[in-house]
1. Condition check: crowded, with 22+ Cβ neighbours inside 10 Å and more than 18 Å from Asn158 (Cα to Cα). Does Ile357 satisfy that?
2. Give the residues of region 203-245 that are more than 30 Å from Ser362 (Cα to Cα) and within 14 Å of the chain's Cα centre (by Cα), sorted by residue number.
3. Using beta carbons and a limit of 7 Å, which pairs, at least six apart or on different chains, have the first residue in region 166-193 and in contact (Cβ under 8 Å) with a residue 24 or more places away in the chain and on the phi > 0 side of the Ramachandran plot and the second one surrounded by 17 or more Cβ atoms within 10 Å (Cβ to Cβ) and part of a helix (DSSP H, G or I)?
4. If you go through region 268-283 one residue at a time, do you hit one that is in contact (Cβ under 8 Å) with a residue 40 or more places away in the chain, in contact with a strand residue (DSSP E or B) (Cβ under 7 Å, 6 or more places away or on another chain) and among the small types (Gly, Ala, Ser)?
5. For the subset of region 65-79 comprising residues that are within 14 Å of the ligand (Cβ to nearest atom) and of a type in the set (A, V, I, L, M, F, W, C), which member is farthest from Glu54 (Cα to Cα)?
6. Gly347: surrounded by 15 or more Cβ atoms within 10 Å (Cβ to Cβ), at positive phi, within 25 Å of the chain's Cα centre (by Cα) and at pLDDT 95 or above, yes or no?
7. Looking at region 176-193, is at least one residue in contact with a His (Cβ under 8 Å, 6 or more places away or on another chain) and not in a loop (DSSP other than H, G, I, E, B)?
8. Please work out if Thr225 is modelled with pLDDT of 95 or more, on the phi < 0 side of the Ramachandran plot, of a type outside the set (Asp, Glu) and within 11 Å of the ligand (Cβ to nearest atom).
Amino acid sequence: MNCNSDKVIYMDNNATTRIAPEVVDAMMPFLTDCYGNPSSMHTFGGQVGKAIEEARGQIAALLGAEPEEIVFTSCGTESDSTAILSALQTWPEKRHVVTTRVEHPAVKNLCENLAQLTGHKHRITRLKVERDGTLDLEEYRQALTEDTAIVSVMWANNETGVIFPVEEMAAIARERDILFHTDAVQAVGKIPINMKDNAIDFLSLSGHKLHAPKGVGVLYIRKGTPFVPFINGGHQEKGRRGGTENVASIIGLGRACTLAGEKMEEENTRVRALRDKLEKGLLSSIPKSMLNGHPEKRLPNTTNISFEFVEGEAILLHMNEYNICASSGSACTSGSLEPSHVLRAMGVPFTAAHGSIRFSLSIYNTEEEVDFVLDKMPGIIAGLREMSPFWNPDE
Ligand SMILES: *Cc1c(COP(=O)(O)O)cnc(C)c1O
């Protein structure tokens, strides 16, 4: 199969990323020659186990964590489930969970189904967000109770890129002996993280959001944190996650974390500048367009822009004609006419939420690509508005 990726302008990196060529190189031996089981007694398998430990060290280094605090999982979603369900099993008598209204479905839908999973009825507090997508820390403080087992708040939002003050929030939870989990899938590799400096107990990350393969994730578990495994089985991961390791992907994730550390500076200078050029250009050349999310408290690669009175899905189809890949905040594809829960929680007006597009860049984007998108978008939006019954150019 040929996907013609060289023809594509890929600005959908919060959905998934290209595997870095260096990562592919690092993985290759483990897909071919080095096929031993890391748990085996013989050297053939044992050397694979050593490579896994090296990868664990590379991931720990990016996070400022200890290697033994890194547990490999199958994805970000598994890490999220593991952390939250562990806390609820640690304190089965505590029946309260604090989270936000803008979490990824991995946390949002888990929280909605807790009763079925645990056999207990839990009270869930979903913190509101402001119009710019930020949280109210006073509301957060007041939400915490004696009954709260765990707080789960994402580090950065996948749709808007808005960054939450999770370190401050974790410190507040710690004072009350409440466990704190953060879904850092979008933050890791894009902004500096140092687990030595904070009180976060659990952190989730996912390989495919930082130029490693799909199907591998990590749950960081702070040393000393009570933990109940989600997948029981063999003694892998010191009994914290059974199942023979996804060796090649783990090696790839290790390499990707080292690369992310090296590219962090570029992400926050060159990629940020490209994002800013794209954002400013779109907002200034297209009338009735607006930014969703706090302008500064944001990931360097993400911009979410609403083009009023047009349908996000229609915009994407027209962008697709030019091989431009991005995402929309409306969800007509899923059969509902409801715009994204994130934009709704922010109070983005209906006519704007429906026409929202998320552009998410990476180190592989170029200025030529940004210029191309800036050249095509005004025509796409104007063409769609001409056909829109809601659009009144004189308004
Ligand atoms: C992609 C994503 C996930 C899910 O990760 P998977 O590895 O795809 O399961 C969870 N949270 C956030 C914020 C994400 O962006």
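1. Details: crowded, with 22+ Cβ neighbours inside 10 Å: yes; more than 18 Å from Asn158 (Cα to Cα): no.
Criteria not met by Ile357.
2. Residues of region 203-245 more than 30 Å from Ser362 (Cα to Cα): 223-244.
Selection gives nothing.
3. Gly189/Ala260
4. No, region 268-283 has no match at all.
5. Let us first name the residues in region 65-79 that are within 14 Å of the ligand (Cβ to nearest atom), namely 72-79.
Filter again for of a type in the set (A, V, I, L, M, F, W, C), leaving 72, 75.
Numbers: Phe72: 13, Cys75: 20 Å.
Step by step, filter region 65-79, then rank; the result is Cys75.
6. Details: surrounded by 15 or more Cβ atoms within 10 Å (Cβ to Cβ): no; at positive phi: yes; within 25 Å of the chain's Cα centre (by Cα): yes; at pLDDT 95 or above: yes.
Against the criterion (surrounded by 15 or more Cβ atoms within 10 Å (Cβ to Cβ), at positive phi, within 25 Å of the chain's Cα centre (by Cα) and at pLDDT 95 or above), Gly347 does not qualify.
7. Among the residues of region 176-193, at least one is in contact with a His (Cβ under 8 Å, 6 or more places away or on another chain) and not in a loop (DSSP other than H, G, I, E, B), which makes the answer yes.
8. On the way: modelled with pLDDT of 95 or more: yes; on the phi < 0 side of the Ramachandran plot: yes; of a type outside the set (Asp, Glu): yes; within 11 Å of the ligand (Cβ to nearest atom): no.
Spelling it out, it is not the case that Thr225 is modelled with pLDDT of 95 or more, on the phi < 0 side of the Ramachandran plot, of a type outside the set (Asp, Glu) and within 11 Å of the ligand (Cβ to nearest atom).
The values are calculated or read from the model by the stated rules, or taken from the named source; none is laboratory data. Nothing here was measured: the structure is a model prediction, and the numbers come from that model. Neighbour counts run over all protein chains shown; Cβ positions are idealised from the backbone, glycine included.
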